[in-house]
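These notes are about the structure you will find just below.
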Amino acid sequence: MKIMNSFLTVLVMVLSAAPVFALDTIKLGVAGAHTGDLASYGIPSLNAARLVVADRNAKGGILGKQVDILAEDDVCKPEVAANVATKLVSQDVALVLGHICSGATKAALTLYKDAGKIIMSSSATNVELTKSGVYPNFFRTISPDDAQAMLQVEFAVNTLKVKKVAIVHDKGDYGKGLAEFAKGFFGKKGVPPVLFEGITPGAVDYSAIVQKIKSSGADAVVYGGYHPEAAKIISTMKKKKMKAVFISDDGVRDDTFIKVAGKYAEGVYATGPIDTSKNAMAIEAIEKHKKTYASDPGAFYLNAYAAAICLLEAIEKAGSTDSEAISKALRGTWFDTPLGKISFDERGDALGIGFAMYQVVKGRYAEVGK
Amino acid sequence: MEYFLELFFGGLTRGSIYALLALGYTMVYGIIQLINFAHGEIYMIGAFTALIAASALSMLGLDGWSLLAIAGLAAVIYSAAYGFTLEKIAYKPLRKAPRLSPLISAIGMSIFLQNYVLLAQTSDFLSFPALIDEFPFMEDVTIIRSSELVIISVTALSTALLTIFIKFTGIGKAMRAVAQDRIMAMLLGVKVDRVISVTFIIGSALAAVGGVLISSHVGQINFYIGFIAGIKAFTAAVLGGIGSLPGAVLGGLVLGWTESFATGYVSSDYEDVFAFGLLVFILICKPSGILGRSSAEKV
């Protein structure tokens with residue numbers, strides 16, 4: 001019986017492995033958390049890859065070959081991610097879509113780099129992954145953590161010609177993180193902030209900090225945080241007849257902010273995600289997910305969908321699975337995706353995705369720049 | 001100098017709100033030795049009542065000072081009713097229980113009222129109309145705004161009225177008597193239950209006044225505003241010496257100024273560090289607070 005069992009096991013292994021070796025296919029690795037408590041971030045990417053690949057295969061595949069998906073679960077743990085990377089490399093995948101979490105991605109990246117494999121993440125936002133310049137094989141279809149701050153600073157310095165800036169945040173992870181990125185970028189642009197301070201969310205009023213901003217002579221205030229405090233600060237500023245412009249983040253790019261701050265919200269700038277809800281490809285991609293999986297797609301679904309399209313198109317464009325040729329294609333082509341027309345810069349960050357600058361005009365947020 | 005004055009008046013405004021709330025804490029503590037943790041919620045309910053009343057009244061075409069007066073009055077009456085009921089439901093049955101029981105009951109009422117407003121109204125932030133008009137003669141004044149002036153004046157007036165009430169009326173005398181010795185006052189025919197109810201009504205009315213004024217000043221409210229304001233006002237009451245009325249006002253002002261100047265001259269990151277650092281320092285030097293009397297435990 002035991003012998004029978006092991007024989008069966010071997011047989012199953014051989015059979016299941018057989019197609020991989022037998023047919024000439026292009027292998028696309030999909031790595032991420034597919035089980036565990038972070039699975040809700042990884043599963044949508046896997047679904048997206050499956051849909052894109054099925055679509056492509058139905059149209060005759062790429063370069064005349066069918067595309068095979070090799071899904072590997074890293075449960076968002078760096079140590080597992082390294083094993084997953086080794087496994088995918090040994091199976092000779094052409095490209096990898098993944099990983100999901102920044103930590104796991106970082107752990108796996110070196111292995112892919114050594115093997116000369118290109119990887120594209122739909123959700124790893126850690127700044128260093130691209131900015132460090134260490135990983136030329138890494139691409140992503142999501143904005144890095146500092147993208148909003150970058151946009152705020154560029155807009156303030158280039159468009160608004162701000163000379164003196166005060167940066168205020170709410171001491172939270174989100175608000176303070178953004179404020180610190182903004183501080184760094186302003187410094188690099190030669191406009192060092194005249195004020196950098198945290199406020200206590202929920203305090204009775206903010207007249208003292210507003211007074212301080214006023215006496216600092218700043219002509220712009222960059223606020224990192226959410227809308228309740230932003231509404232209090234901006235209305236206090238306007239009541240004190242201050243002219244400084246107010247620039248904030250997607251925590252403030254919310255209609256509740258306009259409702260609460262009322263007429264004082266007028267003219268406030270805030271960055272927010274580029275609207276994809278009217279993109280025909282996005283609508284179609286979401287419909288497909290609903291039809292195939294009978295549920296709404298989860299987090300980063302469109303990002304992964306776009307990543308899968310870019311990867312497959314790039315192979316087509318490059319005419320081979322050679323990494324050099326593919327990365328050249330990725331950097332030199334504008335792809336049609338559910339996120340809009342996107343391409344990739346030198347460091348692997350996507351161009352054309354992410355955030356836009358909005359301004360409150362007549363009680364509504366209107367886009368004023370990307 | 002202008003910067004100093006602006007911070008001074010900013011701190012005075014914030015301190016006035018703390019003072020209005022701290023009076024409620026200190027009065028209740030003086031009479032029944034209870035820290036009424038639901039006091040901040042009464043302040044929040046006052047603000048909500050004023051918002052509802054103001055919305056309804058402005059639909060009827062009212063505006064300006066009459067709107068403020070009527071909305072404020074509605075808030076005061078409604079909050080006072082809440083304070084009265086709160087005491088009857090949550091504290092009176094526990095009057096003979098160990099001291100921890102009413103304290104827990106107070107925390108429970110605080111959570112209950114917050115969630116009640118959350119469910120009955122909304123979890124969102126709401127815009128609060130500016131009920132205090134800008135004075136024409138304040139047009140060119142930059143160091144203080146009209147609404148700040150109103151908040152400071154109303155607080156001063158309320159405190160003065162409260163002092164007169166406590167000093168010269170019969171019920172005021174009864175309150176002082178109960179504060180000194182409840183059992184003796186009872187033996188001498190003071191209606192202790194009535195005195196306690198009046199204390200809650202007055203404290204709640206003052207909290208409502210504070211809630212309406214500050215909401216109109218900052219322009220927004222939600223169900224959670226009472227929590228932080230309550231904690232700060234309680235700190236102010238302890239700072240000034242809990243049980244002492246002038247102490248509560250002084251504590252509120254000192255706390256407001258400390259926060260304002262700490263933000264203005266050091267950093268708003270350390271606003272709370274300075275506020276609570278001061279509290280610790282004063283309690284080390286004077287354990288019963290700035291104006292608190294260190295009385296021997298009654299036997």
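The values are calculated or read from the model by the stated rules, or taken from the named source; none is laboratory data. Predicted, not measured: the structure shown is a model, and the values here were computed from it. Here the Cβ positions follow ideal geometry from the backbone for every residue, glycine too, while neighbour counts run over all protein chains shown.
Which of the residues that make up the range A:95-114 are surrounded by 23 or more Cβ atoms within 10 Å (Cβ to Cβ) and not aromatic (Phe, Trp, Tyr)? Those that are surrounded by 23 or more Cβ atoms within 10 Å (Cβ to Cβ) and not aromatic (Phe, Trp, Tyr): A:Leu95, A:Val96, A:Leu97, A:Gly98, A:His99, A:Ile100, A:Cys101, A:Ala104, A:Thr105, A:Ala108, A:Leu109. Of the residues B:Ser101, B:Ser79, B:Ser105, B:Ser58, the single one that is in contact with a Leu (Cβ under 7 Å, 6 or more places away or on another chain) and in contact (Cβ under 8 Å) with a residue 40 or more places away in the chain is B:Ser58.
Filtering the range B:146-180 to residues that are in contact (Cβ under 8 Å) with a residue 40 or more places away in the chain and within 14 Å of chain A (Cβ to nearest Cβ) leaves B:Ser147, B:Glu148, B:Val150, B:Ile151, B:Ile152, B:Thr155.
May I ask you to verify whether A:Val245 is at pLDDT 95 or above, closer than 28 Å to B:Val141 by Cα, in the same structural domain as A:Lys164 (by TED's automatic domain parsing) and over 26 Å from the mean Cα position of the chain (by Cα)?
The answer is yes for A:Val245.
Name the residue that is farthest from B:Gly211 (Cα to Cα), counting only residues in the range B:133-142 that are touching a residue at least 12 places away in the same chain (Cβ under 8 Å) and more than 25 Å from the chain's Cα centre (by Cα). If we take residues in the range B:133-142 being touching a residue at least 12 places away in the same chain (Cβ under 8 Å) and more than 25 Å from the chain's Cα centre (by Cα), then B:Thr142 is farthest from B:Gly211 (Cα to Cα). Can you name the strands (runs of 3 or more DSSP E) wholly within the range A:106-200 that have at least 1 residues being touching a residue at least 12 places away in the same chain (Cβ under 8 Å) and of a type in the set (A, V, I, L, M)? In the range A:106-200, the matching strands (runs of 3 or more DSSP E) lie at A:118-121, A:165-169, A:195-198. The numbered conditions (1) surrounded by fewer than 24 Cβ atoms within 10 Å (Cβ to Cβ); (2) within 12 Å of chain B (Cβ to nearest Cβ) are all true for A:Asp219 except (2).
Would a scan of the range A:293-312 turn up a residue that is of a type outside the set (A, V, I, L, M) and free of Cβ contacts under 8 Å to residues at least 12 places away in the same chain? Checking the range A:293-312: at least one residue is of a type outside the set (A, V, I, L, M) and free of Cβ contacts under 8 Å to residues at least 12 places away in the same chain. Against the test of being touching a residue at least 60 places away in the same chain (Cβ under 8 Å), more than 13 Å from chain A (Cβ to nearest Cβ) and either under 13 Å from B:Leu20 (Cβ atoms) or part of a loop (DSSP other than H, G, I, E, B) (or both), the options B:Ala233, B:Ala237 yield a single qualifying residue, B:Ala237.
Restricted to the range B:1-108, the set of helices (runs of 4 or more DSSP H) holding at least 3 residues that are touching a helix residue (DSSP H, G or I) at 6+ places or on another chain (Cβ under 7 Å) and within 14 Å of chain A (Cβ to nearest Cβ) comprises B:2-32, B:39-59.
Taken over the range B:91-132, the residue count meeting the criterion of being surrounded by fewer than 19 Cβ atoms within 10 Å (Cβ to Cβ) and touching a Pro at 6+ places or on another chain (Cβ under 7 Å) is 1.
In this structure, A:Ile69 does satisfy being crowded, with 17+ Cβ neighbours inside 10 Å, in the same structural domain as A:Tyr301 (by TED's automatic domain parsing), of a type outside the set (Ser, Thr, Tyr) and closer than 11 Å to A:Val30 by Cα. Inside the range B:175-199, can you point out the residues that are of a type outside the set (A, V, I, L, M, F, W, C) and assigned to a loop (DSSP other than H, G, I, E, B)? Those that are of a type outside the set (A, V, I, L, M, F, W, C) and assigned to a loop (DSSP other than H, G, I, E, B): B:Asp181, B:Gly189, B:Lys191.
Scan the range B:273-299 for residues that are under 18 Å from B:Ile17 (Cβ atoms) and modelled with pLDDT under 90 and the total you get is 0.
Put simply, of A:Val245, A:Val268 the only residue that is under 30 Å from B:Leu7 (Cβ atoms), in contact with a Ser or Thr (Cβ under 9 Å, 6 or more places away or on another chain) and of a type outside the set (Gly, Ala, Ser) is A:Val268. Within the range A:189-212, the residues that satisfy the criterion of being more than 10 Å from chain B (Cβ to nearest Cβ) and either surrounded by 24 or more Cβ atoms within 10 Å (Cβ to Cβ) or in contact with a strand residue (DSSP E or B) (Cβ under 8 Å, 6 or more places away or on another chain) (or both) are A:Val191, A:Pro193, A:Val194.
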